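Reading through the structure tokens given below for one structure.
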Amino acid sequence: MKKNVVRRWLLCICCFAGIASESMAQQRRTDTIPFSLETGLLVFKGKLNGHAIDFLFDTGAGMAVATAGIRDSAELKSSRKEVQAHDANQQTKRLQSVVAETLQVGSFDFKNIRCVMADMPLLRCMQLFVLSADVIRQLNWQIDFERRQLYVSQAAFPVEEGMITCPVRYVKERPCVNGAIIGLPVQDVLIDMGYKNVCTFPVAAEKGTQLLTRYQESGGQVQYSLAASMGIMGTPRPDTVATVRFQELQLGGHTFYQVPATGKKNTTLKLGVRFFSTFCTRMILNHAQSNYYLLPVPENKRSTWEGAEMVTVGLKESQLVITGKALEGTGHTFELDEVVSAVNGKTAADFSGECDFFRWYNYVRKDLTIQRTNGQQVQITKIKLP
């Protein structure tokens, strides 16, 4: 009898030890996942309901986003529940939701992830699913921008020598840090890896006005343009945008120099994926410790900024039209919504639709040759701030 009891206890202890050992092994497990920055966004392969899908890594999104195409191809479960959603242009709307019964990042599984439905052209045309901060926060990440590799684990990553520490606090699931720009303290700067540019700030807010004023008082030059940013609620009419290059930006006691930024009315102060891919070689997101760590690129090895766009073009109702333009220093007279005949030798008829144009334009819009309807050819280059 006593022998049986002892055997049972030993069996229980062995089982418990086995479970504990397996749990520790899972926590120590690190997956390596290649990613691409080809579209200007951090994209990698994941799975929804067992279907391979391109995931957009977006710490600036509080909730996952799926298009109708992703919903159908990944067999996401329809839901009657509507969700209050906010986009990058500070627009708010109730959107239909769907549920991914399983979501997989490497070998890490998540269950019953609710997603909002939005057919934003960027997501629809590039066939992207937005992996949002609520899921991202459940893992720890190391991003190697030089090797284009993600490392993912439940355990915190060790910090390398030379890395700067940025304590993180979460506002509606999204990571925010404190710092300073040209000597002005700034709080709750959003780390928005779903924002493809470097930095943006709200010109209509008090802090944004102070930043712009101090920048100009210190001799900084501003390039004004008419432009619009795409959000999941749509693209608003173009409005005035101020393009600057902040002389200094401090994070974690480290100073980054000559940081490009755009000031707009309906936005928040944030740093995008291009800030980190330009100014850092590696980045650690240790959510288990609520700390982010950055390994800065040496100043002499950092890539240069090519400048602001003088003109942007879109495809609307089967016509090529001007969708944005600089307001000064351009040497041309394009107007918003002006119809043009061709861009880099391609006419509207060369594209099968909006997505065909969007994918092409996303890769070629550095230097443009625009042909007006009167046959005039106009060369467009980036505007560089001194």
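Coordinate-derived values only; no laboratory data. Small disclaimer: the values here were computed from a predicted structure and weren't measured. Methodologically, a virtual Cβ is constructed for each residue, glycine included, from the backbone with ideal geometry; neighbour enumeration extends over all protein chains shown.
Annotations
- Helix content alone sets the calculated 222 nm mean residue ellipticity of the chain: runs of n ≥ 4 DSSP H residues at -39500 (n - 2.57) each, divided across all residues, give -5500 deg cm²/dmol.
- Pairs from K47/K265; K77/K264; K207/K316; K111/K316; K77/K172; K81/K264 whose Cα-Cα separation, in the structure shown, is over 29 Å: K47/K265; K77/K264; K207/K316; K111/K316; K81/K264
- Largest-first ellipsoid semi-axes for the chain, taking √(5λ) over the Cα gyration tensor eigenvalues, angstrom: 42, 27, 18
- Per-residue Cβ neighbour counts within 10 Å put T165, T262 in the sequence T165, T262, beginning with the fewest.
- Per-residue ³J(HN,Hα) for the stretch 199-205, Karplus 6.51 cos²θ - 1.76 cosθ + 1.60, θ = phi - 60°, Hz, x for Gly and Pro: 8, 9, 9, x, 5, 7, 7
- Cleavage-rule hits (trypsin sites (Lys or Arg not before Pro)) in the stretch 147-213: DSSP loop, at most 14 neighbouring Cβ within 10 angstrom: R147, K172
- Virtual spin-label span in nm between D109 and K316, 7 Å along Cα→Cβ: 4.8
- Gain upon complete extension [V83, Q210; 0.36 nm per residue less C-alpha separation]: 42.2 nm
- Placing a pseudo-label 7 Å from each Cα along the Cα-to-Cβ vector at I33 and V339 gives an inter-label distance of 4.5 nm.
- Per residue Cα convex hull volume in Å³ - calculated over the stretch 156-301: 116
- When +1 charges are put on Lys and Arg Cβ atoms and -1 charges on Asp and Glu Cβ atoms, the dipole computed for the chain relative to its Cα centre reaches about 1340 debye.
- Qualifying chymotrypsin sites (Phe, Trp or Tyr not before Pro) in the stretch 344-381, where qualification requires a DSSP coil assignment and no more than 16 other C-beta atoms within 10 Å, are lacking entirely.
- In Å, descending, principal axis extents of the Cα set of the stretch 311-380: 34, 24, 19
- Its Cα gyration tensor gives the stretch 30-150 an equivalent ellipsoid, and the semi-axes of that ellipsoid, as √(5λ) in whole Å with the largest first, are 22, 16, 13.
- Chain lengthening between K346 and M230 when straightened (0.36 nm per residue, less Cα-Cα): 39.4 nm
- Hypothetical label at D239: residues of the stretch 171-214 whose amide nitrogen lies under 11 Å (7 Å Cα-Cβ projection): 202-205
- Once the C-beta distance of N374 and V222 is scaled by a Förster radius of 35 Å, the resulting FRET efficiency is 0.60 to the nearest 0.05.
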